[in-house]
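The values are calculated or read from the model by the stated rules, or taken from the named source; none is laboratory data. Quantities reported herein were computed from a predicted structural model and do not represent experimental measurements. Here the Cβ positions follow ideal geometry from the backbone for every residue, glycine too, while neighbour counts run over all protein chains shown. Side chains are part of the model used for accessible areas, which takes the heavy atoms of the whole protein and leaves out ligands, DNA and RNA. Shrake-Rupley method; radii C 1.70, N 1.55, O 1.52, S 1.80 Å.
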Number of protein chains: 2
Amino acid sequence: MELAEGKQKFIEAWGKLGSEWGINRTMAQVHALLLISPDALTTEEIMEELSISRGNANMTLRDLMGWGLIEKQHKPGERKEYFYADKDTWNIARQVAQERKKRELDPVIKILNELNSVEGNDKDPAYKTFKKSVADINKLAKNVNKTLDTMLKADENWFWGSIFKIFK
Amino acid sequence: MELAEGKQKFIEAWGKLGSEWGINRTMAQVHALLLISPDALTTEEIMEELSISRGNANMTLRDLMGWGLIEKQHKPGERKEYFYADKDTWNIARQVAQERKKRELDPVIKILNELNSVEGNDKDPAYKTFKKSVADINKLAKNVNKTLDTMLKADENWFWGSIFKIFK
DNA sequence: TCAAACTTTCAAATATTATTGAAAGTTTAT
DNA sequence: ATAAACTTTCAATAATATTTGAAAGTTTGA
């Protein structure tokens, strides 16, 4: 396979995966493009390569910076801004995990805790089932939470090494 | 807090979480409703409770069955179909993990493997960066894949027990 | 066989989300 | 101070996803 074709496929695949995970397709594609690019790229180049508008490129790049996945770079003597992606896959995974935890898991855990204050009659099946489901999900959420916290602090080799030691 | 209010909040929260994860909000809400319901419900009751149309309810219930999260139930002497959700949180997590793995991770791993056949000159930085990124992501994807496979087979207590043993 | 009870389908309508592009804003060099 | 180079904003538009509801389909019992 040619490099050009491979790039296309990679950008496409990353974009699709992103959209399945609630991440805007363009954002995932820009990230893919920067991931496989050895040098930092300008907004202009990104617009060109992916055929997207200036506004879209600008917003997307801003979002990606917000996720901590790319950074601005300035070249001496140039006014243009260049963007480059962190190429360390483990960092990327951690960054994404951290953002999603903050935006999604944490709020859910908060609500689940609030739901502990629901009062009712223990003889009432509706109440009992509600309580049980909330408690069970709470437990699962907290386990996930704890595991993510560990992952966020961990070194890649240690993390997978530990996982596979038990999972064989 | 009153049970009715708690139910509302729970359904809302589950719906929001679902939509952040690329799962249709209604689908997550129907699942939430069935999760906290002690008895199986009819399409009619679900439509009523969530104010959704018959068509929507029908499609959503079909999807949820496709994900293995709910099942049809028939009551003797009745023509109506009742639906009930598996209440075991660990099963739910596994079911979701399995479906998403199948639909999303597996295809990506397939493409990443195809991208190994990209040919190029080792002196070319574009080629080198591409190769490296693809290889790194491939490695991560395979680790995740392996961990999910273990989880899919595992018993809940064993799984978390093992995780926390190493993660303290 | 018929009709009531129930379920499924799907084209059209609605709602949501993403994208464009031109205008406004900013920075820098002279 | 000004103009060129560059970035940001955002209302309008386009694309996508979801929902509706009425019609068609199915099953059951008399």
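Cβ separations smaller than 7 Å between residues 6+ apart or across chains give the following pairs from region A:53-75 residues that are within 14 Å of chain B (Cβ to nearest Cβ) to residues that are more than 10 Å from DNA strand D (Cβ to nearest atom) and open to solvent by 70 Å² or more (accessible area, probe 1.4 Å): A:I70/A:Y84. Among the residues of region A:45-101, those identified as open to solvent by 50 Å² or more (accessible area, probe 1.4 Å) and acidic (D, E) are A:E45, A:E48, A:E49, A:D63, A:E71, A:E78, A:E81, A:D86, A:D88. The number of residues in region A:31-55 that are more than 14 Å from the chain's Cα centre (by Cα) and either in a loop (DSSP other than H, G, I, E, B) or closer than 22 Å to B:L112 by Cα (or both) comes to 13. Only one of the numbered conditions (1) within 21 Å of the chain's Cα centre (by Cα); (2) within 13 Å of chain B (Cβ to nearest Cβ); (3) more than 11 Å from DNA strand C (Cβ to nearest atom) is violated by A:G15, and that is (3). Screening A:L41, A:L34 for residues that are open to solvent by less than 30 Å² (accessible area, probe 1.4 Å) and within 11 Å of chain B (Cβ to nearest Cβ) leaves exactly one candidate, A:L34. Only residues that are closer than 20 Å to A:T89 by Cα and within 13 Å of DNA strand D (Cβ to nearest atom) were counted across region A:31-48, and they come to 2.
When you scan region B:53-94, how many residues do you find that are hydrophobic (A, V, I, L, M, F, W, C) and near DNA strand C (Cβ under 10 Å from one of its atoms)?
5
Picking from residues in region A:133-159 that are within 7 Å of another protein chain (Cβ to nearest Cβ) and more than 19 Å from the chain's Cα centre (by Cα), the one that is farthest from B:K153 (Cα to Cα) is A:V134. Looking at B:D122, B:D136, just one residue is over 30 Å from B:M27 (Cβ atoms) and buried (at least 16 other Cβ atoms within 10 Å of the Cβ), and that residue is B:D136. When A:A93 is tested against (1) in the same structural domain as A:V144 (by TED's automatic domain parsing); (2) hydrophobic (A, V, I, L, M, F, W, C); (3) out of contact with any Asp or Glu (no Cβ under 9 Å at 6 or more places or on another chain), only condition (3) is not met.
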